[in-house]
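The values are calculated or read from the model by the stated rules, or taken from the named source; none is laboratory data. Please read these numbers as outputs of a predicted model, since none were measured by experiment. Glycine also receives a Cβ, built like all others from the backbone with ideal geometry; neighbour counts cover every protein chain displayed. Remember, those area values only see protein heavy atoms, side chains included, never the ligands or the DNA or RNA. Shrake-Rupley method; radii C 1.70, N 1.55, O 1.52, S 1.80 Å.
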Amino acid sequence: MRFTWRSAMLSLGAAVLLASKGWPQASPLPRGDVQAIYRHLLPQIQAIKMFDHHAHPGYADDPDVDAMAIPPSHLPLRLRDTNPELIAAAKALFGYPYKDLAPEHGRWLIEKTNERKRAEGVQYFDHILDKLGIETSVANRAAMADYLDPKRFRWVFFVDSFLFPFDTSEIASRNEDEAVFMPLQRKMLERYLKQAGLSQLPDSLDGYLAFISRVLEQNQQRGGIAMKFEVAYFRPLHFDDPSRETAATLYEKYHAGGVPTPQEYRTFQDFIFRYLVREGGRLHLPVHIHSSVGAGDYFKVTESTAINLENVLKDPRYLSTTFVLIHGGYPYARQAIWLAAMKNVYLDSSATELILYPSEFKDVLQLWLETYPEKITFGSDCFPFNEALGAEESYWLGVRSSQTALAAALAEMMAEGEITESRALEVARQYLHDTAASLYPPPGSSRVSTGQQR
Ligand SMILES: [Zn+2]
């Protein structure tokens with residue numbers, strides 16, 4: 001059926017009329033007691049098993065927790081390790097007995113968690129997930145850790161390093177953030193070359209693309225379920241569409257040395273990014289893209305907004321690739337939701353629930369759930385803060401913030417006559433679990449290369 005606003009409004013109107021006992025239209029003000037509806041919904045929402053679609057589980061001293069590092073920067077208030085909510089998290093998870101995060105009290109927490117890690121081994125993080133009601137968590141990591149249970153943690157690996165086969169000294173000299181990022185991208189690329197059995201970059205673009213595909217296939221066979229771009233930290237999210245010949249000429253010119261101009265580097269990256277997007281379709285590896293504000297004071301907010309991806313996301317050549325806009329585009333969340341009109345594009349709410357307090361996050365979530373409710377997924381973006389406050393406390397804050405904001409958003413939608421309680425709970429299950437889970441094969445049945453033509 002052809003979609004029209006009129007037909008959509010008529011069917012929505014009919015559904016509300018049928019389901020809500022005489023409320024034929026939504027109201028701009030709540031008609032019921034929102035607080036009471038919230039209190040009624042919250043325990044039901046807290047009982048839903050979750051799929052955490054974006055997370056960095058791991059120990060604070062584990063260098064594989066991410067392919068990049070956070071440069072010295074000015075973190076927003078709620079993300080600082082001084083956030084008193086983390087005391088509540090440590091209390092809930094480990095029985096932390098103190099009311100502050102003084103260094104000597106932090107030592108209590110380090111000893112307590114070390115003791116548990118020794119006693120529980122690979123089950124340590126399983127127990128954290130159990131305590132929080134998370135059934136499955138994605139693990140965005142440079143490599144999987146042997147202390148994470150592959151039945152509960154699904155690996156998402158990084159692919160940005162493929163964008164940096166040439167000299168990066170010009171990029172690294174731009175600012176302090178890039179000076180931290182660039183050597184780490186080179187390190188990751190060297191790791192992948194070694195993994196593919198190569199001692200240096202292939203001689204031709206064809207060889208380079210074959211190397212990229214080999215690593216993607218290897219990572220998928222090792223349990224990888226998606227590829228992740230952090231590229232917004234390194235360049236704008238708008239990707240042009242240069243020809244293969246142009247990319248081949250640049251590869252020949254610079255793969256063995258020499259410093260490309262910024263425009264030449266960008267053009268080459270435009271081509272490689274699109275190659276990876278196509279490979280994501282061929283291999284059934286969803287493409288996760290960081291598409292919101294990010295860490296580092298030089299992070300360019302407008303260049304990295306998800307809307308800059310529109311020419312790629314709305315290109316019918318990439319319909320067989322699933323895209324997940326990690327962090328949902330914040331602070332451009334109102335625009336980003338319109339990208340989810342494409343059937344292969346999803347928004348993940350991770351990090352937004354940590355940057356914002358729940359009252360503000362509730363409004364973002366509500367707008368998204370009122371627009372494309374079947375395209376929004378929950379993620380925590382948990383990350384170890386320091387030796388004492390780990391990914392564990394961060395998981396707790398992400399889960400608590402998302403559950404409470406979700407209950408509040410749905411309570412307002414019910415009180416304003418938009419949805420019924422059963423529909424609210426269906427939306428909650430989609431957001432917290434079902435939509436994300438549906439994008440990946442079940443554990444132990446990893447899809448591998450179909451060997452189709454590239
Ligand atoms: Zn992340």
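Overview of results
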| read-out | value |
| --- | --- |
| Whole-Hz couplings from phi, Karplus 6.51/-1.76/1.60, listed for the stretch 267-279; x for Gly and Pro | 4, 4, 5, 4, 5, 5, 4, 5, 5, 5, 4, 5, 5 |
| The stretch 29-437 - accessible surface per residue (Å², probe 1.4 Å) | 39 |
| Under-5 Å amide H pairs with A388, H placed in peptide plane, nonlocal only | none |
| Dipole magnitude of the stretch 29-437 about its Cα centre (Cβ charges: Lys, Arg +1; Asp, Glu -1), debye to nearest 20 | 600 |
| Positive-end extreme of charge dipole, the chain - chosen from N140, S350, H284 (charges on Cβ) | H284 |
| Accessible surface of the chain [probe 1.4 Å, protein heavy atoms]: carbon and sulfur percent | 54 |
| Potential lengthening between D64 and Q263 on full extension [0.36 nm per residue; Cα-Cα distance subtracted] | 68.5 nm |
| Helix-only CD estimate at 222 nm, as mean residue ellipticity for the chain, using -39500 (n - 2.57) per DSSP H run (n ≥ 4) | -13500 deg cm²/dmol |
| Long-range HN-HN contacts of G58 with modeled amide H, under 5 Å | A391 |
| Segment E104-S243, length gained on full extension (0.36 nm per residue, minus Cα span) | 44.1 nm |
| In order through the stretch 135-149: 3J(HN,Hα) via Karplus (6.51 cos²θ - 1.76 cosθ + 1.60), integer Hz, x for Gly, Pro | 6, 9, 10, 5, 10, 7, 9, 4, 8, 6, 9, 6, 8, 10, 6 |
| Burial order of peptide ranges 342-349, 40-47 (average beta-carbon count within 10 Å, highest first) | 342-349, 40-47 |
| For peptides 278-291, 365-378, sequence by mean Cβ density within 10 Å, most packed first | 278-291, 365-378 |
| Which of G294, I171, L365, positive extreme of dipole for the stretch 29-437 (C-beta unit charges) | L365 |
| Cα→Cβ-extended label distance, 7 Å offset, between D33 and T302, nm | 4.9 |
| Of S243, Y330, P71, farthest towards positive along the dipole that unit charges on Lys, Arg, Asp, Glu beta carbons give the chain | S243 |
| Spatially proximal lysines relative to K362 (Cα-Cα < 18 Å; intrachain offsets below 8 disregarded) | K375 |
| Amide H partners (placed H, <5 Å) of H288, local residues excluded | M227, K228, F229, V324 |
| Point-to-point label distance, A179-R118, nm (Cα→Cβ direction, 7 Å offset) | 4.1 |
| The chain: C-alpha gyration tensor shape, a/c 1.5 cut-off, then a/b vs b/c | oblate |
| Principal-axis tilt of helix 123-132 within the chain, Cα atoms, nearest 10 degrees | 40 |
